[in-house]
Structures are given as C-alpha cells and as structure tokens.
Amino acid sequence: VMRVLIFGAGVIGSLYAVLFSRNRNVDVDIYARGSRLEVLRETGLRYRDHDAVHTANVRVIGRVDPDTVYDFVFVTVKENQLHTALSELREQVSPTLVTTVNSLDDYRTWETICGAGRIIPAFPGAGGSIEDGILDAALTPAFIQPTTFAEITGEKTIRAKQLHRLFRDAKIPCRMVKDMHLWQLCHLAMVVPIADAYY
C-alpha cells in the first residue's frame, strides 16, 4: 500500500486527495489548517460528482507527524506559501516532495529550505472551486493541460516512474518532461498573454 500526504486542502490538493483515495492501494492523509480544517473534521472531504455529493475516503490531519514516512508528499499550496510549507516539511522524514506550483524560482532555492534531492516539481492540470465546504473541481483535458512533472535532474528515476504510475492509476492525465524549469518558462510565456487578453 502506498502512503500519500496532501499538504494543503485547497482545490488542487482536495481534488488529488479525492482521486488518489479511490485506489484501494493508496492511503491518503490530507493536511489542513484554520477554517478549512474545521470543516473537513466536521463533515469530511466532500466533493461533487455528477450532481451528487460524496465523501472521500481520506484521513484529515491538523498536524503532520515528522516520523511518518509517506511515499509522496504533495505540496499543494499557493506560490507565496511555498517557502513556509517547505520549511515546515524540512524535518519530516518522507524522501519526496511533489511541488505543484508554477514558479520561476530556482529549484535549488527550494532545496536549501527542505533538503537536497527531495523535490519533484510539477504543475497540475485541474481547476474548480470549493463552495460551502464542497469541492466542485475537474481535471483539465489531457490535450490542453495534463499534470506535468519531472525530476530536477531530468532523469527518469524509479520514483518518477512510481509517481507516473500513481497518477495513471488515479486516471489523472500526466506527462513526464525532461526539463521542468524550461517547461514552466514556456507555460508562463503562453498563459500570461492569454490571461491578459481574457481579462
């Protein structure tokens, strides 16, 4: 059984938690704080699917045990919260942190915060909202934006292949690229003018 921690219970983190939890071979913990933690503890992780509301099979936590080993820790916070999150996870023993933010930061900066060799940078292909505590979100079609990730070194490591399999088994469209920093530069170069034109 694979153990996964979702560090951050916003739209992306909650959606990944829901999708991973559907696999009987994956145990999912989701870390939240503040009012979101209160809602999740009271009602569970509720989500909308085909006009019905369901509750995901996840464990809600308000504190991350530093000694619990997770196969993957998904850091699903906003970019301006990332350095704080990585600091909080510095002493956590899990070897792999999957960051899901679009950033032009040097990944070495992140590694100086949480430890060398721990980060797999990624970018999610999903969107939605949380209304009245209920997640209403969906994956982006694969031809538009699959969840994209890579080792910082560009190597196809065993853990990168395991991450690919985790996404695939959860039916999350994904793509492993060679250079994640270059991909994020290109992604921003494409998305920012489109967003400007839209707004």
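The values are calculated or read from the model by the stated rules, or taken from the named source; none is laboratory data. Nothing here was measured: the structure is a model prediction, and the numbers come from that model. FYI the Cβ positions are ideal-geometry reconstructions off the backbone, even for glycines, and counts take in every protein chain you see. Ligands, DNA and RNA are stripped out before the accessible areas are found, and what is left, the full protein with its side chains, is counted by its heavy atoms. Shrake-Rupley method; radii C 1.70, N 1.55, O 1.52, S 1.80 Å.
List the trypsin sites (Lys or Arg not before Pro) in region 97-161 that DSSP assigns to loop (not H, G, I, E or B) and whose Cβ has at most 14 other Cβ atoms within 10 Å. Which are they? Mind showing how you got there, number by number?
Values: sites: Arg108, Arg118, Lys156, Arg159, Lys161; in loops: Arg118, Lys156.
The qualifying sites are Lys156.
Working with all protein chains in place, sort Cys174, Cys114 by solvent-accessible area computed with a 1.4 Å probe, largest first.
Working: Cys174 35, Cys114 5 Å².
In descending accessible area the options line up as Cys174, Cys114.
Work out, step by step, the length gained on full extension between Ile144 and Thr109: first 0.36 nm times the residue separation, then minus their alpha carbon distance; give nm to one decimal.
That works out to 9.6 nm of additional length.
Take the alpha carbon gyration tensor of the chain, find the square roots of its eigenvalues, order them as a ≥ b ≥ c, and report rounded if a/c is under 1.5; if not, report prolate when a/b exceeds b/c, else oblate. Kindly include the intermediate steps, with their values, before the conclusion.
Numbers: a/c = 1.43, a/b = 1.13, b/c = 1.26.
It is rounded, given that a/c, with a ≥ b ≥ c, falls under 1.5.
Would you check the accessible area of Asp51, probe 1.4 Å, heavy atoms only, in square angstrom rounded to 10?
For Asp51, solvent-accessible area is about 150 Å².
By its C-alpha gyration tensor, with a ≥ b ≥ c as the square roots of the eigenvalues, how is region 1-104 shaped: rounded for a/c under 1.5, else prolate for a/b larger than b/c, else oblate? Present the calculation step by step, with values, prior to reporting the outcome.
Values: a/c = 1.61, a/b = 1.36, b/c = 1.18.
Prolate, because a/c is 1.5 or more and a/b exceeds b/c.
State the antiparallel share, in %, of DSSP beta bridges confined to the chain, rounding to the nearest 5.
Once the DSSP bridges in the chain are tallied, antiparallel ones form about 35 percent.
Need one word for region 87-126: rounded, prolate or oblate. Basis is the Cα gyration tensor (sqrt eigenvalues a ≥ b ≥ c); a/c below 1.5 gives rounded, then a/b vs b/c decides.
Here region 87-126 falls in the oblate category.
In region 10-102, which GluC sites (Glu not before Pro) fall in coil by DSSP and have 13 or fewer other Cβ atoms within 10 Å? Let's see the in-between values first.
Numbers: sites: Glu38, Glu42, Glu79, Glu88, Glu91; in loops: Glu91.
Passing both the DSSP loop test and the Cβ count: Glu91.
Are there chymotrypsin sites (Phe, Trp or Tyr not before Pro) in region 76-180 that DSSP marks as loop and that have at most 15 other Cβ atoms within 10 Å, and which are they?
Phe143
Within the chain, what is the number of lysine pairs with alpha carbons under 21 Å apart, leaving out pairs fewer than eight places apart on the same chain?
4
Okay, helix-only estimate at 222 nm for the chain: each DSSP H run of n ≥ 4 adds -39500 (n - 2.57), divide by all residues, round to 500 deg cm²/dmol; what do you get?
The per-residue figure over the chain is -10000 deg cm²/dmol.
In whole Hz, with x marking every Gly and Pro, tabulate ³J(HN,Hα) for region 30-35 from phi via Karplus 6.51 cos²θ - 1.76 cosθ + 1.60, θ = phi - 60°.
Rounded to whole hertz, the list is 10, 9, 9, 8, x, 5.
How large is ³J(HN,Hα) for each residue in region 79-86, as worked out from phi by the Karplus curve 6.51 cos²θ - 1.76 cosθ + 1.60 (θ = phi - 60°), to whole Hz, x for Gly and Pro?
4, 6, 9, 5, 4, 5, 4, 5
Using a 7 Å offset from the Cα along the Cα-to-Cβ direction at both Thr55 and Val69, what is the distance between the two label points in nm, to one decimal?
Taking the two extended label points, one gets 3.2 nm.
Order the following by accessible area, largest value first: His187, His181. Probe radius 1.4 Å; ligands, DNA and RNA are ignored. Don't jump to the answer; show the numbers that get you there.
Working: His187 20, His181 60 Å².
Ranked from most to least accessible, the order is His181, His187.
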